[in-house]
Ligand code: NDP
């Protein structure tokens, strides 16, 4: 399949790219600069230009950002849209989170409808943030599934960066489903809703300081920041980046994924468990790691929501990696950039 992958320099997208190429697809990926394109290209030298090439899209928050990128020869048959800001380092929620998420999503869909009629499937990276009702806290007794939508409002979005991020994902995914309903385009949609994504980084794009948001807790635990107290876990469900990347590709390939939302989680985890796995496999970090008597980082005492991940297992046939495997491989990848 001829695929456009947006945000190819991202943590998750780097794995989507590798799986697409391994499975023989032909990919154009968007990045924000030629410098990033060059780094990705040199890490994939064995693939010719017919298998991997680049389009520069500097800012997805600009209307028409994707007008040129969706046009290719041979024409695209699928689009995987992952690009969206994921960090909490913002002063202006509207400009830094909501606009790129929402305009990025509606913009790519409009460009496809207008200029890429050969596209049959679009896969969008949404999030558990668009499912979870964070105002209900740990919500014991509730089972989250694809049926749930985060009820966050426009008024709540700018209250703080966490609200802003969750709202950006919720509104962007809603806008995508609304687009399908109202515009009746030539393509079908599948959305990916993962909670916290952990797993190895690709070394050629990364540094310890510039690490993607979701892996920062692993880096911080390795570097001794949880020695006296383990920080709160926050979200208690997770998935490995390689499993999630495979879900993106399967959702593109499989007819049955059409017009479905996928809640993609491997299960529960806590920061305490992450620290225990690091201690077990990497004794060289022991000095800076918490011990069994260090406070914090555990599951909540008063119960926790449940999750239903049956659809992704059934429709996409995914088997999830264990937390232990994921953490061991993540630590190894962080060592390669100097941890
Ligand atoms: P990264 O920060 O590594 O990737 C984000 C990507 O989006 C980068 O390629 C970034 O480019 C690009 N991007 C952000 N803003 C813009 C913009 N204004 N214009 C153009 N490109 C932009 O994070 P992840 O890989 O983790 O995130 C990828 C997707 O997965 C996002 O949609 C995120 O919401 C979603 N997600 C992630 C989870 C996680 O735990 N990691 C959990 C649930 C969902 P650049 O780096 O050049 O700025």
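The values are calculated or read from the model by the stated rules, or taken from the named source; none is laboratory data. All figures in this text were calculated on a predicted structure; none of them were measured in a lab. Every residue, glycine among them, receives a Cβ derived from its backbone with ideal geometry; neighbour counts consider all protein chains shown.
Miscellaneous remarks
Residue by residue, here is whether (1) in a helix (DSSP H, G or I); (2) more than 16 Å from the ligand (Cβ to nearest atom); (3) touching a strand residue (DSSP E or B) at 6+ places or on another chain (Cβ under 6 Å); (4) farther than 30 Å from residue 18 by Cβ holds:
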| residue | (1), (2), (3), (4) |
| --- | --- |
| 162 | yes, no, no, yes |
| 166 | yes, no, no, no |
| 173 | yes, no, yes, no |
| 190 | no, no, yes, no |
| 208 | no, no, no, no |
| 217 | yes, no, no, no |
| 242 | yes, no, no, no |
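- Inter-residue pairs, beta-carbon under 7 Å, first touching a residue at least 60 places away in the same chain (Cβ under 8 Å) and in the stretch 58-73, second more than 10 Å from the ligand (Cβ to nearest atom) and part of a loop (DSSP other than H, G, I, E, B), 6+ apart: 70/76; 70/116
- Taken together, 217, 174 contain a single residue that is free of Cβ contacts under 8 Å to residues at least 60 places away in the same chain and surrounded by 20 or more Cβ atoms within 10 Å (Cβ to Cβ), which is 217.
- Candidate set: the stretch 29-65, residues that are loosely packed, with under 14 Cβ neighbours inside 10 Å and under 21 Å from the mean Cα position of the chain (by Cα); chosen: the one nearest to residue 204 (Cα to Cα): 33
- Scanning the stretch 225-234 for residues that are touching a helix residue (DSSP H, G or I) at 6+ places or on another chain (Cβ under 9 Å) and at pLDDT 95 or above yields 225, 226, 227, 230, 231, 232, 233.
- Flag for residue 332 being surrounded by fewer than 14 Cβ atoms within 10 Å (Cβ to Cβ), in a helix (DSSP H, G or I) and at pLDDT 95 or above: yes
- Counted residues, the stretch 137-160 - those being surrounded by 12 or more Cβ atoms within 10 Å (Cβ to Cβ) and either assigned to a helix (DSSP H, G or I) or on the phi > 0 side of the Ramachandran plot (or both): 4
- Every residue from the stretch 25-43 that is outside any helix (DSSP H, G or I) and within 16 Å of the ligand (Cβ to nearest atom): 27, 28, 29, 30, 31, 32, 33
- In the stretch 63-102, the residues that are over 19 Å from residue 187 (Cα atoms), touching a helix residue (DSSP H, G or I) at 6+ places or on another chain (Cβ under 9 Å), near the ligand (Cβ under 10 Å from one of its atoms) and not in a loop (DSSP other than H, G, I, E, B): 96, 97, 99, 100, 101
- Top-ranked residue in the stretch 1-24 [being farther than 22 Å from residue 111 by Cα and either assigned to a strand (DSSP E or B) or more than 16 Å from the ligand (Cβ to nearest atom) (or both); ranked as farthest from the chain's Cα centre (by Cα)]: 24
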